[in-house]
Amino acid sequence: DFFGMSTAAIDRSYTQLYKTLLPTAETLIKARITRAENALHASIGIAFLLFLIVAYFSVGICRAIIVNIRSLARSAHAFADGDLSERVNLDARDELGQVGENFNEMADGLSALLKVSRENEARLHDLSVHLEERVKERTTELEFAQRLTESLLRRNEALMRTSMDGIHVMDLNGG
């Protein structure tokens, strides 16, 4: 019966352990599960908050890019339609900002080139008007000189005839 007593003692010890340790273990496990659930809820909350922050900034960046691209396109269309004073004003320090600055430089260069071309055209027009006036003046002068020359030529012809008649008469008279 030693085995019976030992078995009974072991059974009592297990029962006592079961009654004291099991509730304590269950309490510890439940506390751990609660802490894990709280950590999970906090992690989910933080992840959701981070997702919202990233979404907010992504939408803001996307909107800024779209607004800048639309502004650039609007300015390009206005410039192409003949508004040479159109310039792009992008408040960006990225590649789109560089594109805007390059657009403005191109617009300034083209405007300057067109200004020079118009000035040259005006100068050429002035020169052609002055040239026409000069040609008219010179033509008038030449026409006057031609009339004067013709008049002198007729006078010289008349003098030559008169002189020839006088010489011819002298020859007939012997002198």
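Applying a threshold of 6 Å to beta carbon distances and a minimum spacing of six or more residues, or different chains, the list of pairs starting in segment 57-80 at a residue that is under 18 Å from residue 108 (Cα atoms) and ending at one that is acidic (Asp, Glu) and open to solvent by less than 70 Å² (accessible area, probe 1.4 Å) reads 75/86; 78/86; 79/86. Residues that are over 13 Å from the mean Cα position of the chain (by Cα) and either surrounded by 14 or more Cβ atoms within 10 Å (Cβ to Cβ) or on the phi > 0 side of the Ramachandran plot (or both) within segment 80-127 comprise 82, 111, listed in sequence order. Scanning segment 30-60 for residues that are hydrophobic (A, V, I, L, M, F, W, C) and closer than 30 Å to residue 91 by Cα turns up 49, 50, 51, 52, 53, 54, 55, 57, 59. When 59, 135 are screened for being open to solvent by less than 90 Å² (accessible area, probe 1.4 Å), out of contact with any Asp or Glu (no Cβ under 8 Å at 6 or more places or on another chain) and not acidic (Asp, Glu), only 135 passes.
The values are calculated or read from the model by the stated rules, or taken from the named source; none is laboratory data. Source: prediction; values computed, not measured. Positions of Cβ are backbone-derived with ideal geometry, glycine not excepted, and every protein chain shown enters the neighbour counts. Protein only, heavy atoms only, side chains kept; ligands, DNA and RNA dropped before computing areas. Shrake-Rupley method; radii C 1.70, N 1.55, O 1.52, S 1.80 Å.
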